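These notes concern the structure reproduced below.
The values are calculated or read from the model by the stated rules, or taken from the named source; none is laboratory data. Values in this document were obtained by computation on a predicted structure and should not be read as measured data. Note that each Cβ is placed from the backbone with ideal geometry, even for glycine, and that neighbours are counted across all protein chains shown. Calculation scope for accessible area: heavy atoms of the full protein, side chains included, ligands and nucleic acids excluded. Shrake-Rupley method; radii C 1.70, N 1.55, O 1.52, S 1.80 Å.
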Amino acid sequence: MKKEALNPYLPSWEYIPDGEPYVFGDRVYIYGSHDFYNGYVFCMGDYVCWSAPIDNLGNWRYEGVIYHKTDDPLNREGKMCLYAPDVTVGPDGRYYLYYVLDKVSVVSVAVCDTPAGKYSFYGYVHYPDGTRLGEREGDEPQFDPGVLTEGQDTWLYTGFCGAGDKSRTGAMVTLLAEDMLTVKEAPRLVVPGSEYSENTEYKGHAFFEASSIRKRGDIYYFIYSSQVMHELCYATSDKPDRDFVYGGVIVSNCDLHIDSYKPANLPMAYGANNHGSIVEINGRWYIFYHRHTNGTWYSRQGCAEEIRFKEDGSIPQVEMTSCGLNGGALAGEGEHPAYLACNLFTSQPSVYVGDDRFPKIMQDGRDGDEEEGYIANIKDSATAGFKYFRCKNIRKCSITTRGYADGIFEIRTKWDGAVMASIKIQNSNVWETYTADIDLPDGIYAFYITYVGGGNVSLKSFALLCD
Ligand code: FUB
């Protein structure tokens, strides 16, 4: 049965950042890192894979663990983490998984006969003399591989450029031979990092990490996370290894720059690093990216938005929503889990996650427990935004909350709009539901739910109800 597609698109208890989406056959597969709920560093898990039918993007299937961190000979003790991977289909039709472990600077490769079977360690990317890429004098450390195979050639894009580090010049591309491991052409710079972008078009949006590459028609789109981290930017070229021109920001995981519903410089979610890519699924194009939950950098979840290309090939920035892969607004009537909030903020704006005064999306239990997410740490002025919903005959609304708090939830259809309903809540040890009337002409709406009052409360869900 067709299910509505939501953001995050996987179950709320799953934490897959750095998602690289690919369509293989009639399914879309997502390859990402694997964070833990309440993780204390990035990427504590083994690689798992999820997939969905291309015509039912709300119906994701767990494919299981596709690679264990101890499968890499450098990591038999499991002390290193598997950072952001990418997958490409080699000239032999097999699926190749490229990744870098967090404490080394070489690119590992694993292989599998099917998109989401068990991958086996295959080797390290190396020069013809056997020296591993990243270990030769003058090599820049390898990080976040992005790969594209065309015929016998595989282009490998890597890099990480922290501010102040002049030893890292930018994102580099390396051409690999048919065996998927041997360097055929040495690394060359494609997009500069912040230390080398001063007099370039990349200034302010210099390369930081998260190399990803896609081709649309004859144009190569290099997607990357910029020096401010929350942005996924792109650059284009008609060649895979040179002449990339800065394109712009595709998505920011705090919605910075978007000015269609708020001032451009106002963050509307708690952002931090970002990583993802674009993909065409069933005739529509999307950007996959991740958001941050639990008030930390280490419990990230995959989201996606539909994008469009202008005639000149450029991609206008898209806003974060709760309904990205759905192809339109969600059905308004019914109960909506609070973890679908695409906006989360207080009267004190913050671009980055990590301040324990802010509200956060979290879950009960431990990582792996299939407990539905909710919003916690809601204090005076905290606002959660949800969009978009198709509403017809909606006459009442309700919210479900718990916690030590005594105040009012105000419901608006714009973050700075008029209050459409006020719902008084009380101290409660368990989830309690409170209802109010709302006068809502039929249409498509965003909902912003703001807490005004004392204490600290959690929001499980809101509901829109007909007469
Ligand atoms: O997930 C670990 C690291 O965080 C990735 O390798 C980077 O791209 C960033 O998302």
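Structure notes:
- Scanning the stretch 200-233 for residues that are in a strand (DSSP E or B), within 13 Å of the ligand (Cβ to nearest atom) and open to solvent by 10 Å² or more (accessible area, probe 1.4 Å) gives F208, E209.
- Lone unmet requirement of (1) more than 16 Å from the chain's Cα centre (by Cα); (2) open to solvent by less than 20 Å² (accessible area, probe 1.4 Å) for T293: (1)
- Those residues of the stretch 436-464 which are surrounded by fewer than 17 Cβ atoms within 10 Å (Cβ to Cβ) and either of a type outside the set (D, E, K, R) or free of Cβ contacts under 8 Å to residues at least 24 places away in the same chain (or both), in sequence order: A436, P441, G443, I444, V452, G453, G454, G455, N456
- Count - residues of the stretch 264-296 that are of a type in the set (A, V, I, L, M, F, W, C) and part of a strand (DSSP E or B): 6
- The residue of the stretch 409-435 that is farthest from the chain's Cα centre (by Cα), among those that are under 17 Å from F389 (Cβ atoms) and surrounded by fewer than 16 Cβ atoms within 10 Å (Cβ to Cβ), is G417.
- Residue in the stretch 302-314 that is within 16 Å of the ligand (Cβ to nearest atom), in contact with a Lys or Arg (Cβ under 9 Å, 6 or more places away or on another chain) and of a type outside the set (D, E) present: yes
- Among residues of the stretch 297-311 that are of a type in the set (A, V, I, L, M, F, W, C), those with a beta-carbon under 6 Å from a residue that is modelled with pLDDT of 95 or more and part of a strand (DSSP E or B) at least six positions away or on a different chain give the pairs C303/Y289; C303/R291; A304/Y286; A304/F288; I307/W285; I307/I287.
- In this entry, E4 passes the filter for residues that are among the acidic types (D, E) and open to solvent by 40 Å² or more (accessible area, probe 1.4 Å).
- Scanning the stretch 236-258 for residues that are touching a residue at least 24 places away in the same chain (Cβ under 8 Å), part of a loop (DSSP other than H, G, I, E, B), more than 16 Å from the ligand (Cβ to nearest atom) and not hydrophobic (A, V, I, L, M, F, W, C) turns up P240, D241, R242, D255, H257.
- Of all residues in the stretch 115-129, none satisfies being within 15 Å of the ligand (Cβ to nearest atom) and assigned to a loop (DSSP other than H, G, I, E, B).
- Subset of the stretch 145-163 [open to solvent by less than 20 Å² (accessible area, probe 1.4 Å) and assigned to a loop (DSSP other than H, G, I, E, B)]: P145, G159, C161, G162
- Residue check for A171: small (G, A, S), at pLDDT 95 or above and within 19 Å of S237 (Cα to Cα): yes
- Within the stretch 20-27, not a single residue is away from the ligand (no atom under 15 Å from the Cβ), under 13 Å from T293 (Cα atoms) and in contact (Cβ under 8 Å) with a residue 60 or more places away in the chain.
- Filter result for Y261 (closer than 30 Å to T413 by Cβ and not in a loop (DSSP other than H, G, I, E, B)): no
- Pairs linking a residue in the stretch 56-72 that is more than 20 Å from N7 (Cα to Cα) to a residue that is assigned to a strand (DSSP E or B) and among the β-branched types (V, I, T), with Cβ atoms under 6 Å and 6 or more positions apart or on different chains, are V65/V48.
- Among the residues of the stretch 297-310, those that are open to solvent by 60 Å² or more (accessible area, probe 1.4 Å) and part of a loop (DSSP other than H, G, I, E, B) comprise W297, Y298, R308, K310.
- Residue in the stretch 279-288 that is within 16 Å of the ligand (Cβ to nearest atom), modelled with pLDDT of 95 or more and under 15 Å from the mean Cα position of the chain (by Cα) present: yes
Quick grid of which residues meet (1) open to solvent by less than 20 Å² (accessible area, probe 1.4 Å); (2) more than 16 Å from the ligand (Cβ to nearest atom); (3) in contact with a helix residue (DSSP H, G or I) (Cβ under 9 Å, 6 or more places away or on another chain):
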site: D18; (1), (2), (3): yes, no, no
site: Y31; (1), (2), (3): yes, no, no
site: F36; (1), (2), (3): no, no, no
site: D46; (1), (2), (3): no, no, yes
site: N56; (1), (2), (3): yes, yes, no
site: P73; (1), (2), (3): no, yes, no
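- Q142 of a type in the set (S, T, N, Q) and exposed (fewer than 15 other Cβ atoms within 10 Å of the Cβ): no
- The condition (being outside any strand (DSSP E or B), open to solvent by 20 Å² or more (accessible area, probe 1.4 Å), touching a residue at least 40 places away in the same chain (Cβ under 8 Å) and farther than 15 Å from F462 by Cα) is satisfied by just one residue among D369, D406: D369.
- Candidate set: the stretch 83-97, residues that are assigned to a strand (DSSP E or B) and under 17 Å from I16 (Cβ atoms); chosen: the one nearest to the ligand (Cβ to nearest atom): D86
- A Cβ distance below 6 Å, combined with a sequence gap of six or more or placement on separate chains, defines the contacts here; from the stretch 73-96, residues that are over 15 Å from S120 (Cα atoms) reach residues that are part of a helix (DSSP H, G or I) and more than 15 Å from the ligand (Cβ to nearest atom) in the pairs G78/T70.
- As a summary of the residue check, L176 satisfies the conditions (1) within 23 Å of the chain's Cα centre (by Cα); (2) more than 16 Å from the ligand (Cβ to nearest atom); (3) buried (at least 24 other Cβ atoms within 10 Å of the Cβ); (4) hydrophobic (A, V, I, L, M, F, W, C) except for the one numbered (1).
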